[in-house]
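> Provided herewith is a single structure, encoded as structure tokens, for subsequent inquiry.
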Amino acid sequence: PGLLAPGANITTGTVSALAGIGNDGRFLQMTAPVQLGNSGGPLLDRRANVVGVVVAKLDAMAVASRIGDIPQNVNFAIAARLATAFLATQGVAFNRETQGTILGAADVGDVAKAYTLAVSCAR
């Protein structure tokens with residue numbers, strides 16, 4: 001916060017696998033770039049529906065030291081079904097509304113602003 005423009009940022013990418021490292025089906029692999037602090041952000045489809053929650057990026061340096069090549073844009077999100085299951089077990093109310101119209105990236109961002117907010121922790 002404070003380094004870049006305030007407010008929500010959106011970037012595009014694709015879901016490149018329906019599983020994470022070790023074929024872990026709890027995760028989606030995506031190509032959208034992930035930066036420090038993106039964890040907890042929504043992974044949205046082209047209809048602005050939440051399909052996952054950003055949790056990690058592949059450690060490019062560790063992989064490069066093992067295979068001799070730097071992987072690019074290998075990032076992960078927890079599948080939305082797990083996030084909603086967690087919220088339900090914690091007694092957190094949430095809506096399951098879905099959008100039906102395919103949107104452009106800027107429009108997806110505009111729709112997402114209505115249900116997305118930044119959360120930060122301070123010590």
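Readers should treat all values here as calculations from the given coordinates under stated rules, not as data from a laboratory. These figures come from a predicted structure and were not determined experimentally. Here the Cβ is made from the backbone with ideal geometry for all residues, glycine too, and neighbour counts use every protein chain on show.
> Amide H of F27: which non-local residues (sequence gap of 5 or more, or other chain) have their own amide H closer than 5 Å, using H built in the peptide plane?
Long-range HN contacts for F27: G20, A79.
> Separate question: Roughly what would the spin-label model give for D24 and A62, points 7 Å off Cα along C-beta, in nm?
Placing both labels 7 Å along Cα→Cβ, they lie 1.0 nm apart.
> Work through the residues other than A114 whose Cβ is under 13 Å from its Cβ and net out their charges, Lys, Arg +1 and Asp, Glu -1. Don't skip to the end; give the middle numbers.
Details: positive: K113; negative: E97, D107, D110.
Net local charge, A114 excluded: -2.
> If we count every other residue with Cβ under 15 angstrom of G100's Cβ, Lys/Arg +1 and Asp/Glu -1, where does the sum land? Intermediate values should be presented prior to the final figure.
On the way: positive: R46, R47, R96; negative: D45, E97, D107.
Net charge in that neighbourhood comes out at 0.
> On to the next question. Would you mind classifying the range 43-89 by shape? Square roots of the alpha carbon gyration tensor eigenvalues, ordered a ≥ b ≥ c; an a/c under 1.5 is rounded, otherwise it is prolate if a/b is larger than b/c and oblate if not.
oblate
> Then there is this: Taking the Cα atoms of the range 6-86, report the difference between the largest and smallest coordinate on each principal axis, in whole Å and largest first.
37, 32, 21
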